[in-house]
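Working notes for the structure below.
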Amino acid sequence: MAETLRVNPITCAGHGVCAELLPELVTLDEWGYPIVDPGPVPPALDRGARRAVAGCPALALKLLRS
Amino acid sequence: MTTALNMPVPHESAPGGAARQAAGLPRLLPAAPEDLRAHLARYGPTPYRGQPGALVADVETSGLTGRGGAAFPVYRKLAAVARAGARQGRTVVVANGAESEPASRKDECLLRVAPNLVLDGLQLAAETVGATEVHLYLHRAPGPEILRALAERGVRGLDRLAVTITQAPPRFLAGQETAVVNRLGGGPALPTFQPPRVSERGLGSAPTLIQNAETLAHLALIARYGPRWFRAVGTATEPGSMLTTIYRPRARPLVVEAEIGTPLRTLLGDGDGDGAGGPGAQAWLVGGYHGTWLPLRDAAGITLDNASLRRFGAAAGAGVLAALPSDRCGLAEVARVVGYLAAESAGQCGPCLNGLPRIAAGLAELAGRGHRRQTRADLERWSGLVEGRGACHHPDGTVRFVRSALTVFGPEIHRHARGQCSATDRAPFLPLPQGMPTSEEDWT
């Protein structure tokens with residue numbers, strides 16, 4: 001089942017950990033908030049995506065079944 | 001115009017009587033406020049159906065959509081809340097009259113002249129979804145008409161559920177659905193991140209139906225006269241009528257009930273002056289401060305329905321329509337409104353919190369003289385950075401307003417860059433709440 005990354009923009013505090021752990025799918029805007037690739041997470045990046053979700057200090061990043 | 005904000009806005013109405021209950025308009029607005037006696041003489045008692053769900057099919061056939069701005073099909077919300085309620089054993093219905101958009105005055109007008117229609121609709125929606133609790137959410141302290149209507153209905157035993165009134169804080173986002181649930185739950189009127197939707201898990205975790213006050217008034221009429229009657233006006237895909245708040249040059253704001261599909265020209269004029277030396281219009285704003293600026297050259301074919309408006313990137317929203325007088329500066333108007341919208345960000349989401357004040361500052365620069373060359377590009381980039389990145393649609397609506405303004409007022413931007421401005425009247429045209437700016441903590 002394909003999954004997509006989604007940020008809860010209220011809980012996100014712009015720590016930027018996701019962009020460090022998963023630069024393939026997450027970049028930071030000029031204020032330090034993540035811009036997440038809206039498409040399904042490719043299988044090769046699945047582990048990285050899970051690490052980014054687990055590593056978010058604000059628990060703002062989620063993987064949602066698409 | 002700002003000084004008129006606390007006065008009742010006049011509305012256009014036709015003679016009452018049987019003709020009004022035929023296809024004619026207005027359907028919702030009597031000439032003078034109707035107390036319960038007049039309401040009952042015209043419409044009879046609240047037409048309860050006797051069982052939950054009974055009204056859903058009629059509402060579906062009617063094609064009624066939400067009149068609070070999103071134009072979501074009403075039957076789908078009714079059905080979703082009824083379903084979720086059947087599982088949980090309780091539901092809540094909220095009549096949303098918060099109308100926190102400062103230029104919109106239609107729900108305030110409706111609640112003043114036809115409060116019993118809204119209250120009928122609230123009780124009928126409650127019966128339909130099997131509600132155990134009903135609320136009326138208002139922007140201002142309840143007016144005498146609504147209090148009188150509630151008291152008179154209480155005496156007659158018309159309302160099956162007692163209505164709790166809650167006053168919204170005077171914030172732009174206070175009428176947003178998740179903000180309504182937070183406020184009714186005793187918290188600040190701040191939006192939250194969805195899912196879950198309020199129709200699944202809203203006030204006190206109960207499935208919650210939130211409908212705009214006007215939507216409920218239409219529902220009360222559909223319950224009486226049926227979907228065919230409702231569809232006798234409007235377009236085939238967007239049936240019925242809608243309340244609009246209209247701003248024209250040299251005129252007081254006016255609430256008008258318009259058939260959906262009415263040419264905008266009929267409502268806003270053709271842009272020429274009044275023939276007595278008064279100013280004409282230079283551009284139209286459709287859909288309020290989350291809406292879209294339209295150049296007058298597109299005006300000829302546009303009608304008041306989303307199928308037509310969508311072709312120009314616009315939507316009817318909650319029915320705010322403005323013709324900006326030709327003697328005003330569009331950039332000054334836009335900068336003033338976006339300054340307000342930036343101050344009204346809930347400040348919860350990083351992109352909105354950071355982007356909207358920068359966008360507002362950029363627009364203030366364009367509204368002045370001799371702006372920096374990169375300002376326009378900055379505005380485009382910031383607009384892209386905030387769009388779609390909030391928990392609510394505040395950044396998206398603001399960007400729609402800003403982008404359309406940059407296009408429509410493009411020639412004026414060039415004039416300002418050369419140190420000129422075409423305006424001759426500096427008085428603000430579009431209304432903003434008095435006492436701005438509001439404090440950041442003031443959400444309750």
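All of the numbers you see were taken from the coordinates with simple rules; none came from a lab. Being a predicted model, the structure only gives us computed values, none of them experimental. Every residue, glycine as well, gets a Cβ built from its backbone with ideal geometry; the counts of neighbours run over all protein chains shown.
As an exercise, identify the trypsin sites (Lys or Arg not before Pro) in region B:227-257 lying in DSSP coil whose Cβ has no more than 15 other Cβ atoms within 10 Å. Let's see the in-between values first.
Numbers: sites: B:228, B:231, B:250; in loops: B:231, B:250.
Qualifying residues, ordered by number: B:250.
Work out the charge dipole of chain B with +1 on the Cβ of Lys and Arg and -1 on the Cβ of Asp and Glu about the Cα centre, then indicate which of B:312, B:405, B:243 is farthest towards its positive end.
About the Cα centre, the residue reaching furthest to the positive side is B:312.
Report, in debye and to the nearest 20, how large the dipole of chain B comes out about its Cα centre when Lys and Arg carry +1 and Asp and Glu carry -1 on their Cβ. Present the calculation step by step, with values, prior to reporting the outcome.
On the way: 47 positive and 39 negative charges, 90 e Å.
Computed charge dipole of chain B: roughly 440 debye.
To two decimal places, what compactness ratio does region B:352-435 give when its Cα radius of gyration is scaled by 2.2 N^0.38 Å? Walk me through the intermediate numbers first.
On the way: Rg = 13.7 Å, N = 84, 2.2 N^0.38 = 11.8 Å.
Computed over Cα atoms of region B:352-435, the ratio equals 1.16.
Identify, among B:45, B:73, B:25, the residue whose Cα sits farthest towards the positive end of the charge dipole of region B:21-92, taking +1 on the Cβ of Lys and Arg and -1 on the Cβ of Asp and Glu, with the dipole about the Cα centre.
With unit charges placed on the Cβ atoms, the residue in question is B:73.
If you take the charge dipole of region B:331-373 about its Cα centre, with +1 on Lys and Arg Cβ and -1 on Asp and Glu Cβ, which of B:360, B:347, B:337 is farthest toward its positive end?
Towards the positive end, the residue furthest out is B:360.
Mind checking A:5-15 for the average number of partner chain beta-carbons within 10 Å of each residue's beta-carbon? Working shown, then result.
On the way: counts 0, 1, 5, 5, 13, 11, 4, 7, 1, 4, 0.
Rounded to a whole number, the mean comes out at 5.
Can you compute the radius of gyration and Dmax for chain A, using only the Cα atoms, both in Å?
Considering chain A through its Cα atoms, Rg and Dmax are 10.6, 33 Å.
What ratio of Cα Rg to 2.2 N^0.38 Å holds for region B:2-230?
Rg over 2.2 N^0.38 Å, computed on Cα atoms: 0.95.
Only helices at least 15 Å long along their axis, Cα-based, and averaging 0.5 or more on Kyte-Doolittle count here, so list those DSSP H runs from chain B. Don't skip to the answer; put the middle values down first.
On the way: long enough: B:74-88 (21 Å, -0.09); B:115-129 (21 Å, 0.70); B:144-156 (18 Å, -0.20); B:213-230 (22 Å, 0.29); B:330-343 (20 Å, 1.24); B:350-367 (26 Å, 0.75); B:375-386 (16 Å, -0.43); B:394-408 (21 Å, 0.07).
Once both thresholds are applied, what remains is B:115-129, B:330-343, B:350-367.
Between the helical axis of A:46-55 and the dominant principal axis of chain A, each derived from Cα atoms, what acute angle in degrees is found, rounded to the nearest 10?
Roughly 30 degrees between the two axes.
Just B:345, B:100, B:205 to compare: in a GNM of chain B, with alpha carbon springs under 10 Å, which one fluctuates most?
Answer for the Gaussian network model of chain B: B:205.
In a Gaussian network model over chain B where Cα atoms closer than 10 Å are linked, find which of B:299, B:423, B:377 has the largest mean-square fluctuation.
B:377
Picking from B:301, B:175, B:362, which is most flexible by a Gaussian network model of chain B using Cα springs under 10 Å?
B:301
Would you work out the charge dipole size for region B:217-278 about its Cα centre, treating the Cβ of every Lys and Arg as +1 and the Cβ of every Asp and Glu as -1, and quote it to the nearest 20 debye?
Values: 7 positive and 6 negative charges, 48 e Å.
So the dipole magnitude of region B:217-278 works out to roughly 240 debye.
Could you give the longest part of chain B that holds none of the GluC sites (Glu not before Pro) found in DSSP loops with at most 13 neighbouring Cβ atoms within 10 Å?
Segment B:1-439 is the longest.
Over what distance in Å are the Cα centres of region B:168-223 and region B:348-363 separated?
Between the Cα centre of region B:168-223 and that of region B:348-363, the gap is 26 Å.
In Å and on Cα atoms, what radius of gyration and Dmax does the protein assembly as shown show?
23.6, 72
Give me the compactness ratio for chain B, meaning the Cα radius of gyration over 2.2 N^0.38 Å.
Ratio of Cα Rg to 2.2 N^0.38 Å: 0.97.
With +1 on each Lys and Arg Cβ and -1 on each Asp and Glu Cβ, how big is the dipole of region A:3-65 about its Cα centre, in debye rounded to the nearest 20?
Values: 6 positive and 7 negative charges, 68 e Å.
In debye, rounded to 20, region A:3-65 gives about 320.
How high is the relative contact order of region B:330-417, given as a whole-number percent (alpha carbon pairs under 8 Å, six or more residues apart)?
Working: 100 pairs, mean separation 31.7, N = 88.
Relative contact order of region B:330-417: 36 percent.
Filter the trypsin sites (Lys or Arg not before Pro) in region B:355-417 down to the DSSP loop ones having no more than 13 other Cβ atoms within 10 Å, then list what survives.
Working: sites: B:358, B:369, B:372, B:373, B:376, B:381, B:389, B:400, B:403, B:415; in loops: B:369, B:372, B:373, B:389.
The qualifying sites are B:369, B:372, B:373.
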